[in-house]
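One structure below.
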Amino acid sequence: MENKNILVTGARGYLASALINKLEKYNTIIPYEFDVRDTIDESSAPNMILHFACPSDDFEFLDKQKTASTIINGTVNLLEVAKYNNAKFVFASTMGVYRPAIDDIYCTCKLAMENYIKSVYNNYIVLRIPRIYSKCRQKGLMRKIRDYMIPEQDMKKQIEYVTLDDFVSQTLPILTKTNITHEYNITQKRSIREIKQWVEA
């Protein structure tokens, strides 16, 4: 993919920044630096929008109201920018939409926005993103491992995930598609103990 103006929300985040590192060589990246919940200027003229802005994935610390408003209002606002510019809209969702608990505000809002996008726009990609880990990851399980927060009895638990490099390599070809929901090939399954050994190696 070349010669695109790509508006990116959450551009400094873990996943979006990894994609930007590959895309910026042949495309113009427009980082969106403001709160996506606010009214957004539609004149940046993107060909594509990568909508990755979202609260932290340390779910036990989520502010539910902020999470809901960021996912819902932010997505509605960015989708209006996509419509105005006839731009492809790429929505970072989650594999958690398959089993959203009624009190899981993150997954339920992501699923709601998936359905909203599909019902009102015809140039979209939904990325159902699984767990993604790398040694440089600072949140979620990686943070708990580094801070010795995981009980010994949980160390045998098996975790399915994708490495950051595999996430990038699986995502880039999908960005040329239209009107699809992309599911990732899970490339790793390890115990938390094995992941800890990998992180500390």
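The values are calculated or read from the model by the stated rules, or taken from the named source; none is laboratory data. The model shown is predicted, which means the values in this text are computed figures rather than measured ones. Quick reminder, even Gly has a Cβ in these numbers, built from the backbone with ideal geometry, and neighbours come from all protein chains shown.
Please state which one of Ala68, Ala45, Ala82 is among the small types (Gly, Ala, Ser) and at positive phi.
Ala45
Just name the residue that is nearest to Ile72 (Cα to Cα) out of those in segment 1-50 that are in a loop (DSSP other than H, G, I, E, B) and of a type in the set (Val, Ile, Thr).
Ranking the qualifying residues of segment 1-50, first place goes to Val36.
Checking the conditions here, which among Val126, Val97 is in contact with a Cys (Cβ under 6 Å, 6 or more places away or on another chain), at pLDDT 85 or above and buried (at least 17 other Cβ atoms within 10 Å of the Cβ)?
Result of the check over Val126, Val97: Val97.
Looking at Leu78 and the list (1) of a type outside the set (Gly, Ala, Ser); (2) in contact with a His (Cβ under 6 Å, 6 or more places away or on another chain); (3) assigned to a strand (DSSP E or B), which single condition is not satisfied?
(3)
Among strands (runs of 3 or more DSSP E) lying entirely in segment 119-201, which contain 2 or more residues that are out of contact with any His (no Cβ under 8 Å at 6 or more places or on another chain), closer than 21 Å to Ala18 by Cα and without any contact (Cβ under 8 Å) to a residue 40 or more places away in the chain?
Fully inside segment 119-201 and qualifying: 158-163.
Could you list, in sequence order, all residues of segment 175-191 that are over 19 Å from Met113 (Cα atoms) and among the charged types (D, E, K, R)?
Lys177, Lys189, Arg190
Working carefully through the options Asp41, Asp63, Asp35, find the one that is closer than 28 Å to Tyr161 by Cα and not hydroxyl-bearing (Ser, Thr, Tyr).
Among Asp41, Asp63, Asp35, only Asp63 is closer than 28 Å to Tyr161 by Cα and not hydroxyl-bearing (Ser, Thr, Tyr).
For every residue, the table says whether it meets (1) farther than 27 Å from Ser44 by Cα; (2) touching a Pro at 6+ places or on another chain (Cβ under 9 Å); (3) part of a helix (DSSP H, G or I).
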{"residue": "Lys66", "(1), (2), (3)": "no, yes, yes"}
{"residue": "Ala82", "(1), (2), (3)": "no, yes, yes"}
{"residue": "Asp103", "(1), (2), (3)": "yes, no, no"}
{"residue": "Tyr106", "(1), (2), (3)": "yes, yes, yes"}
{"residue": "Lys110", "(1), (2), (3)": "no, yes, yes"}
